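Novice: Mind having a look at this structure? Questions to follow.
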Amino acid sequence: MKTDSLKHPSILLLLLSAADTYLTLTGIEGGYIREANPIMSAILEREPAYFFAVKLSLPAILVVLSHVIGESGPIRVLMNAALTVYVTVFLLHAAWIFLI
């Protein structure tokens with residue numbers, strides 16, 4: 001039986017992912033930050049559109065899986081881990097915005 005308990009975390013994850021993508025690209029273009037993830041940095045150097053697609057598709061895949069599979073233990077763990085990472089990254093972005 002599927003529940004809607006992952007609806008709000010899913011929405012939050014997608015919003016944080018979009019904010020991260022936008023703020024990362026803005027910060028890099030402005031010379032304020034660099035992409036810390038070496039894989040994403042290589043993708044960005046190759047083609048910014050690929051960077052954008054990967055940054056947004058990975059959380060979207062998790063959201064789709066969470067709604068197809070339902071609220072299983074592994075999905076809940078992955079969702080919580082992704083939210084923790086994205087909140088942390090969002091706070092880092094907020095810090096550099098505050099400093100500039």
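We did not get these values from a lab; they are worked out from the coordinates using the rules stated. Model, not experiment: these values are computed from the prediction. Because the Cβ atoms are built from the backbone with ideal geometry, glycine has one as well, and the counts that use them run over all protein chains shown.
Novice: Per residue of the chain, what 222 nm ellipticity follows from adding -39500 (n - 2.57) for every DSSP H run with n ≥ 4, rounded to the nearest 500?
Specialist: Per the formula, -28000 deg cm²/dmol.
Novice: What is the distance, in nm, between label points placed 7 Å from the Cα along the Cα-to-Cβ direction at LEU78 and at LEU12?
Specialist: For LEU78 paired with LEU12, the spin-label model returns 1.9 nm.
Novice: Got a sec to turn the phi values of the stretch 72-84 into Karplus ³J(HN,Hα) couplings, 6.51 cos²θ - 1.76 cosθ + 1.60 with θ = phi - 60°, whole Hz, x for Gly and Pro?
Specialist: Values per residue, Gly and Pro as x: 8, x, x, 5, 4, 4, 4, 5, 5, 5, 5, 5, 4 Hz.
Novice: Using the per-residue mean of other Cβ atoms lying within 10 Å as a proxy for protection, in what order, highest first, do the peptides 15-22, 67-74, 45-52 fall?
Specialist: 15-22, 45-52, 67-74
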